Amino acid sequence: MHSEGAQALALSLAAPGLSSDVTSWLRSSGLEIVLLVLGSMLFARFATYARDRVTQKIDSGFRGGDALVRSEEAKHRHALAQVLTWVVLTVAYVLVAMEVLGRLGFSMSGLVAPAAVLGAALGFGAQRIVQDILAGFFLITERQYGFGDVVRIAVTGIQDPAEGTVEDVTLRVTKLRNPDGEVITVPNGQIVKVTNLSKDWARAAIDVPVSATADILRINEVLHEVGGQAYQDPRLEPLLLDEPTVMGVEDLTVDQMNIRMVARTLPGKQFEVSRELRVRVAAAMRREGLNARP
């Protein structure tokens, strides 16, 4: 009984000291950890806000001007703002995590050896992440595409390419929105080939199928008239860089031939111009009584 009473007395005397140590830690290291976490959250909000302000300014400059499409410089600045924000936030989170571990009592020097072993163990698993980041770095520095570009991307292991408008670019992934409104996320390291459909200028090409016995000379005249009228149209002329031209017979079979008509357009406007030209060609061929099925 005497020994049990002595143990209880010792515990009662040690409890206030333990409580005092916990309180002291909470007032020092604990408070610092809370401030670090809150500071990182506020910094992330500020960085995101600054990025949004920059991108909104770029977009407002495009919408407020007379240009019908974004310039290559504006698209690159927009993508660069997204990438820099991603890099800054990643570095900030890593530094805050190291500071929090230090205040929790983990020695950074003591973690070097375990980190080396863990890094070697995860090296093969991290290869893809490193590959994505390096590929994203070259995509941005080489200006292969930027925000708002219409691209077709061939992806490793996938037969059908990913096609759509670039909505987000980081060092690790590229996000596209396809014509159906779906968002496609492509890891940069898995990109095999990029076809930029909206860089500097684009080409609208339509094939006009007609009967093999049709009057080619008359069809060429009709198509030239359609191209001239389209180039003089106040609605289409701003989208065209020059007057649409007729290239001639593109394909020939026993009962059908295809006559190709092309037009240089502003970047990304080739689809709109193609649709309008098809409507005009179909109406003109029907009006002339010629056999055409654009």
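The values are calculated or read from the model by the stated rules, or taken from the named source; none is laboratory data. What you see is a predicted model; the values in this text were computed from it and never measured. Neighbour counts are summed over all protein chains in view; Cβ atoms, including those assigned to glycine, are modelled from backbone coordinates with ideal geometry.
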Next on the checklist: Condition first: surrounded by fewer than 12 Cβ atoms within 10 Å (Cβ to Cβ), of a type outside the set (Lys, Arg) and modelled with pLDDT of 90 or more. Can you find one or more residues in the range 192-208 that meet it?
Outcome noted: yes
Checklist entry - Within the set of pairs 6+ apart or on separate chains, which have a first residue in the range 153-182 that is free of Cβ contacts under 8 Å to residues at least 12 places away in the same chain and farther than 19 Å from residue 271 by Cβ, a second that is part of a strand (DSSP E or B) and acidic (Asp, Glu), and C-beta atoms under 6 Å apart? => result 175/167; 175/168
Item to check | Pair list, Cβ < 9 Å and 6+ apart or interchain, from the range 264-277 residues that are farther than 15 Å from residue 243 by Cβ to residues that are surrounded by 22 or more Cβ atoms within 10 Å (Cβ to Cβ) and of a type in the set (D, E, K, R) | outcome: 267/70; 267/149; 268/70; 268/149
Checklist entry - Hey, does the range 108-118 have a residue that's surrounded by 11 or more Cβ atoms within 10 Å (Cβ to Cβ), out of contact with any helix residue (DSSP H, G or I) (no Cβ under 7 Å at 6 or more places or on another chain) and at pLDDT 75 or above? => result no
Checklist entry - Condition test on residue 202, is it touching a strand residue (DSSP E or B) at 6+ places or on another chain (Cβ under 9 Å), closer than 30 Å to residue 257 by Cα and among the small types (Gly, Ala, Ser)? => result yes
Next on the checklist: I want to confirm something. Restricting to the range 250-294 and keeping residues that are loosely packed, with under 14 Cβ neighbours inside 10 Å and among the aliphatic types (A, V, I, L, M), which single residue is nearest to residue 234 (Cα to Cα)?
Outcome noted: 279
Next on the checklist: Which of the numbered conditions does residue 259 fail, given that it passes all the others? Conditions: (1) modelled with pLDDT of 85 or more; (2) out of contact with any Pro (no Cβ under 9 Å at 6 or more places or on another chain).
Outcome noted: (2)
Checklist entry - Quick one: would you say residue 176 is surrounded by 14 or more Cβ atoms within 10 Å (Cβ to Cβ) and out of contact with any Leu (no Cβ under 7 Å at 6 or more places or on another chain)? => result yes
Checklist entry - Can you name the number of the only condition in (1) assigned to a helix (DSSP H, G or I); (2) at pLDDT below 75 that residue 66 fails? => result (1)
Item to check | Hey, residue 96 modelled with pLDDT of 65 or more and part of a helix (DSSP H, G or I) or not | outcome: yes
